[in-house]
Amino acid sequence: MDVHASEKEQIENLKKWWKENGSSLITGALLGLSLLFGGKTWMNWKESQAQNASNIYAQMEAALKRNELETVRSQANELIGNYTGSGYATLAALTLGKLAMQDKEPEAARAQLEWALEHARSAQLGNIARTRLIRVLIDSAAYDAADAQLKAVVDPGEYRYIYAELRGDLAWARGDEQAAAAAYREALDGLPPQAPNGAYLRVKYENLAGTDSEAP
């Protein structure tokens, strides 16, 4: 057997195979490297965005404690506009909603709370936004909208007694005292011992059901 001829043939076959497939291999390798380094770049950018949002939110909270409300509004709007996908943006919208209610601007508060509810990234934030929104809607006599929000609740979790109280508030606002009393009773039954609004909730219930009614 001619070993050299065999090696030459193998080399020629290898050259031929490389000519046919080499460019695909190079392209695949480059693509793989691009995805690898591109993925790292993306992750670094995401981390940077998260850190920036955290810093701005901390500054906003500090300004809020100093009652520098214009600074608060500016930083909150920056979070909402530039860091929409961050949980800090939802917290910023909740803050703006609270400020709007303090300024007696229910429509502005409603807009902020609806935005917060739509963009909430956790069940807890969603429930906070929804319960505040329902209160604003009831105060604004937007009863059908409040009712729709209450019916949209899927998993109230630890907010169950709060939603029950809100159903009572809505029923009372609509003049249905019997339904209001039943809802307040349900809220009292689920009221945690440390809940800060227990005394006020009991008063609302007893005003409708009578002071001799059993209450926990």
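The values are calculated or read from the model by the stated rules, or taken from the named source; none is laboratory data. Computed from a predicted structure; not experimentally measured. Every residue, glycine among them, receives a Cβ derived from its backbone with ideal geometry; neighbour counts consider all protein chains shown.
Could you tell me how many of the residues in segment 66-88 are among the acidic types (D, E) and either surrounded by fewer than 13 Cβ atoms within 10 Å (Cβ to Cβ) or more than 15 Å from Q51 (Cα to Cα) (or both)?
Summing the residues that are among the acidic types (D, E) and either surrounded by fewer than 13 Cβ atoms within 10 Å (Cβ to Cβ) or more than 15 Å from Q51 (Cα to Cα) (or both) in segment 66-88 gives 2.
Among the helices (runs of 4 or more DSSP H) lying completely within segment 60-157, list those that include at least 3 residues that are more than 16 Å from the chain's Cα centre (by Cα) and within 30 Å of G168 (Cα to Cα).
87-102, 106-119, 123-139, 143-151
If I ask for residues that are over 20 Å from Y184 (Cβ atoms) and either touching a helix residue (DSSP H, G or I) at 6+ places or on another chain (Cβ under 8 Å) or buried (at least 17 other Cβ atoms within 10 Å of the Cβ) (or both), which ones from segment 143-156 would you list?
Those that are over 20 Å from Y184 (Cβ atoms) and either touching a helix residue (DSSP H, G or I) at 6+ places or on another chain (Cβ under 8 Å) or buried (at least 17 other Cβ atoms within 10 Å of the Cβ) (or both): A145, A152, D155.
Do the conditions hold for A171, that is, is it assigned by TED's automatic domain parsing to the domain that holds A123, under 18 Å from R132 (Cα atoms) and not in a loop (DSSP other than H, G, I, E, B)?
For A171, the condition - assigned by TED's automatic domain parsing to the domain that holds A123, under 18 Å from R132 (Cα atoms) and not in a loop (DSSP other than H, G, I, E, B) - is not met.
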